[in-house]
1. Report, in listed order, any pair from Lys28/Lys53; Lys79/Lys100; Lys22/Lys80; Lys31/Lys80; Lys53/Lys99; Lys36/Lys80 with a Cα-Cα distance greater than 27 Å.
2. Based on DSSP loop calls and a cut-off of at most 14 other Cβ atoms within 10 Å, the longest stretch of the chain free of exposed trypsin sites (Lys or Arg not before Pro) is what?
3. Rounded, prolate or oblate, given the Cα gyration tensor of the chain, with a/c below 1.5 counting as rounded?
4. Given charges of +1 on the Cβ of Lys and Arg and -1 on the Cβ of Asp and Glu, with all other atoms neutral, how large is the dipole of the chain about its Cα centre, in debye to the nearest 20?
5. At 1.4 Å probe size, with the rest of the protein present, what percent of the exposed accessible area of region 1-48 is carbon and sulfur atoms?
6. With each run of n ≥ 4 DSSP H residues scored as -39500 (n - 2.57), what mean residue ellipticity at 222 nm is computed for the chain after dividing by its residue count and rounding to the nearest 500 deg cm²/dmol?
7. In terms of modelled amide H atoms, which long-range or inter-chain residues lie less than 5 Å from the amide H of Val37?
8. Just need the relative contact order of the chain here, percent rounded to a whole number, with Cα pairs under 8 Å and 6+ apart.
Amino acid sequence: MRIGVLANESGVSRDTIRYYEKLGLLGKIEKSNTYKVYGERALRRLSLIKLAKNMGFTLHEIMQVMDAWETDGLNTASKKTLLTDKLSQLETKLRELKKKKKAL
């Protein structure tokens, strides 16, 4: 599929797709003539990126584990640890924001 179709199906803008591609988050992209052709893998990765970002992960954190997560290179215990650590970070941030809100 071309980038416009991928953008429509994923709900991610073309510019964002290009940026993620530049970072290497979408994996290898095939070319047909002068057009890039994105497959189901790119669509799955965009879905995973959106989910991870909504859970509070940064792009840097996502980049560090994307391949391992997708290919089951992380075992269940490692995934659980990763998610538990992120939850702890978010809870700390929430406490800090509540303190700031109270101070205001």
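1. Details: Lys28/Lys53 21 Å; Lys79/Lys100 32 Å; Lys22/Lys80 29 Å; Lys31/Lys80 37 Å; Lys53/Lys99 24 Å; Lys36/Lys80 35 Å.
Long pairs (Cα-Cα over 27 Å): Lys79/Lys100; Lys22/Lys80; Lys31/Lys80; Lys36/Lys80.
2. Result, exposed sites excluded: 29-104.
3. Because a/c hits 1.5 or more and a/b fails to exceed b/c, the chain counts as oblate.
4. So the dipole magnitude of the chain works out to roughly 600 debye.
5. Values: 1450 of 3140 Å².
On region 1-48, the fraction of accessible area on carbon and sulfur atoms equals 46 percent.
6. Result for the chain: -23000 deg cm²/dmol, rounded to the nearest 500.
7. When sequence neighbours closer than 5 places are left aside, the close amide H contacts are Glu30, Lys31, Ser32.
8. Relative contact order here is 20 percent.
The values are calculated or read from the model by the stated rules, or taken from the named source; none is laboratory data. Predicted, not measured: the structure shown is a model, and the values here were computed from it. Every residue, glycine among them, receives a Cβ derived from its backbone with ideal geometry; neighbour counts consider all protein chains shown. To get the accessible areas, we keep the full protein, side chains included, count just its heavy atoms, and leave off ligands, DNA and RNA. Shrake-Rupley method; radii C 1.70, N 1.55, O 1.52, S 1.80 Å.
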